[in-house]
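Here's the structure we're looking at; comments come further down.
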Amino acid sequence: MPKKIAVLSGDGIGPEIISEAIKVLNYLNTDMDLGLVCDQALIGGAAYDAFGTPLPQQTLNLCKNADAVLLGAVGGPKWEGLAHAVRPERGLLGVRSELALFSNLRPAFLYPQLVDASTLKPDVVSGLDLMIVRELTGGIYFGEPRGIRTLENGEKQGFNTKIYNESEIRRIAHSAYRIAQKRSKKLCSVDKANVLECTELWRNVVTEVGKEYPDVQLSHMYVDNAAMQLVRAPKQFDVIVTTNMFGDILSDTAAMLTGSIGMLPSAALDANAKGMYEPIHGSAPDIAGKGIANPLATILSVAMMLRYTFNEAEAADRIQKAVNDALDANVRTADIYSEGMVKVSTSGMGDAVLNALRVS
Ligand code: IPM
Ligand code: MG
């Protein structure tokens, strides 16, 4: 049985970064005889333009029938005026929800070569290696009721609902504890339990699940403090588990600790390790089409896919090493460029990784 990958390039820089990731994937597929087969489909704004919906049925079917999904990015100013129900982002949220990809792993790892690319002082970030486990299919992103309504006095009111069932908290807590067990056995749960009942329940359930993982040291932190601590002393964290929206925000912060948001991959997994893999950055419409985007987050997402869904640890290691070797060769895209380095295009960076793979 071939192992199937649904490839969704999406919008903005999506197609540019995905083609570099596919170059790397194709090379390894042949070189290591991995038996992977890729199929492309439209999502987001590109799908809206072609079919009037950001998540066409054929795209969803392709994702459901695949073993893994590789996604670029969705969205852009062109579609910002659309009704929420057909916005590009809804395509992405639809795949996450329909495939029950509730466990979102967002590792923030600083390559030593990029220590000067971070806006933070080298001693604050050097050696940084943390993992944010973000709940991905619940919370305020999906809670009902939601909308914009007009009150009796004619004033408009916008509303969303932050809601978590115990079972949703329980399963993401298990994911996070298991990951903590494989790392340094330290887990920090981030909430706003001083104000939001929903996350008071979150705190209680995470604590209770912790009884099954006595080897993991659990701590709790309010999200405002966590945001501050992430830029003050990020190395105090190893694994962070948090809600959908807090995870969205904290992972962008964590990304900057590593020099550039263009470096961070992610995995969104269901209960059976089927997953969608995507860079955590967006479609960057301001630089789309210019060939300057950093493809490394997407290439590293392929490594996560090989590791988590296809159990090809050796192939994943080879990609990570090749990225390291490309950085050692001093090639940099604009977002991670510093003086004395060689500035390369999106495809130049893809080629540098490929060259490193060829000699590995
Ligand atoms: C992310 C993105 C998405 C999110 C958007 C594009 C819907 O910011 O994956 O972090 O908010 O989850
Ligand atoms: Mg985000």
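For segment 222-244, backbone nitrogen atoms closer than 13 Å to the point 7 Å from R146 Cα along Cα-to-C-beta are found at 244. Here's how it looks for V239: its modeled amide H is under 5 Å from those of M131, K186, C188, which are all 5 or more places away or on a different chain. What separates the Cα centres of segment 154-212 and segment 307-349 is a distance of 34 Å. Between T207 and N330, what's the calculated FRET efficiency when r is the beta-carbon distance and R0 is 41 Å? Round to 0.05. Rounded to the nearest 0.05, the efficiency is 0.30. Residues of segment 247-288 falling in the label zone of C38, defined by backbone nitrogen less than 15 Å from a point 7 Å along Cα to beta-carbon, are 277-279. Result for the chain in a Gaussian network model with C-alpha springs under 10 Å: among K235, K64, K156, the largest mean-square fluctuation is at K156.
Normalising the average separation of contacting C-alpha pairs (under 8 angstrom, six or more residues apart) by the number of residues puts the relative contact order of the chain at 21 percent. Applying the criteria of a DSSP loop state and at most 12 other Cβ atoms within 10 Å to the GluC sites (Glu not before Pro) of segment 140-177 yields E152, E155. Anisotropy class assigned to segment 118-257 is oblate, per the alpha carbon gyration tensor with a/c at or over the 1.5 cut-off and a/b no larger than b/c. The gain in end-to-end length when the K235 to K186 segment is fully stretched comes to 16.5 nm, 0.36 nm per residue minus the alpha carbon separation.
For the chain, the fraction of 1.4 Å probe accessible surface lying on carbon and sulfur atoms is 52 percent.
Under 11 Å from the Cβ of M131, count the other residues' Cβ atoms, weight Lys and Arg +1, Asp and Glu -1, and hand me the total.
Net local charge, M131 excluded: +3.
Per residue, the chain exposes an accessible area of 43 Å² to a 1.4 Å probe, with every protein chain left in place.
How large is the helix-only mean residue ellipticity at 222 nm for the chain, computed as the sum of -39500 (n - 2.57) over DSSP H runs with n ≥ 4, divided by its residue count, in deg cm²/dmol to the nearest 500? All intermediate terms of the calculation are to be shown ahead of the outcome.
Working: 12 runs with 146 residues, N = 360.
That calculation yields -12500 deg cm²/dmol at 222 nm.
Please find the FRET efficiency linking K321 to M228, where r is the Cβ-Cβ separation and R0 is fixed at 41 Å, and quote it to the nearest 0.05. Could you put the intermediate results ahead of the total?
Values: r = 35 Å, r/R0 = 0.85.
Rounded to the nearest 0.05, the efficiency is 0.75.
Annotation note: GluC sites (Glu not before Pro) in segment 78-119 located in DSSP loop regions with a Cβ neighbour count of at most 13 within 10 Å are E80.
The values are calculated or read from the model by the stated rules, or taken from the named source; none is laboratory data. Note that the structure is predicted; figures quoted are calculated from it, not measured. Cβ sites come from the backbone with ideal geometry, for glycine too, and all protein chains shown count toward neighbours. Please note that ligands, DNA and RNA were not included when accessible areas were found on the heavy atoms of the full protein model with its side chains. Shrake-Rupley method; radii C 1.70, N 1.55, O 1.52, S 1.80 Å.
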